[in-house]
Amino acid sequence: MSRALPKYNKRRVGIIGGAAAVVLSGAVIAGSALAGEGANNDGQDGAASPGTIACPAVEGSLPAVPASAKAEVDRNLALLQTQIQEANKRLVDTVGQGGANFVQNAILGPLEDKRVATLNRIETAIGRAAAKPEGLEKLAPCQLNQGGAAGAGDQAGAGEEAGAGAGAGNDAGAPGTISCPAVEGSLPAIPASAKAEVDRNLALLDTQIQEANKRLVDTVGQGGANFVQNAILGPLE
């Protein structure tokens, strides 16, 4: 970390998750808040984090999954997570673009359509071997949470589908997400002469978490029981 943050560069880092392919109830955490009060990604410019996308948990609404359908259901649960990760990346990449309804029309709307199709495939897979569940489409709509705060039906610090639990190897179908404490709220008043450097380092914290979450996804299935801690969380800290 830059010398501008000597008192605030120790950060606890944790991985949020559950059993393999279990649904995490929430959004992939985009990271620590960026400097300034800036606007969200609804068409207003600003340096602040654009927020994160939160989606309802799915697995808790599923009936018992027949063994013959489990692999297909697991693949689609993992796909739900991937869809949210892609939507969160688009949220970051398009900060400042569009008008008041940009996020809804360009990100949340298409995400809902993808989730409807994926949830229908889960219903169909289960229905081939047991009573077909109905109404999973009600779990398709997602919402934008400003600054990463989780909304109703979601828990802060979680991603959509579950991955390996804390301390477990990254061997699940869905890897979970990394959550770090916000930094900006712990800072004192920043002198004008230091603001630009502090802002750069706050933005870097956000980038570091995004990179760690990408590595979490890219390394699914690798390593042993302490892989995530040793290869991802440790270096991130």
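No value in this document is a laboratory result; all are computed from the given coordinates. Source: prediction; values computed, not measured. Note that each Cβ is placed from the backbone with ideal geometry, even for glycine, and that neighbours are counted across all protein chains shown.
Overview of values
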quantity: Burial order of peptide ranges 81-87, 50-56 (average beta-carbon count within 10 Å, highest first); calculated: 50-56, 81-87
quantity: Amide H partners (placed H, <5 Å) of Gly176, local residues excluded; calculated: Gly163, Ala164
quantity: Calculated FRET efficiency for the pair Gln104/Ser68, C-beta based, R₀ 45 Å, to 0.05; calculated: 0.70
quantity: For a label point 7 Å along the Cα-to-beta-carbon line of Glu137, residues of the stretch 92-108 with backbone N under 12 Å; calculated: none
quantity: In sequence order, calculated HN-Hα J values of the stretch 186-196 (Karplus, 6.51, -1.76, 1.60; Hz; x Gly/Pro); calculated: 9, 8, x, 4, 9, x, 4, 5, 9, 4, 4
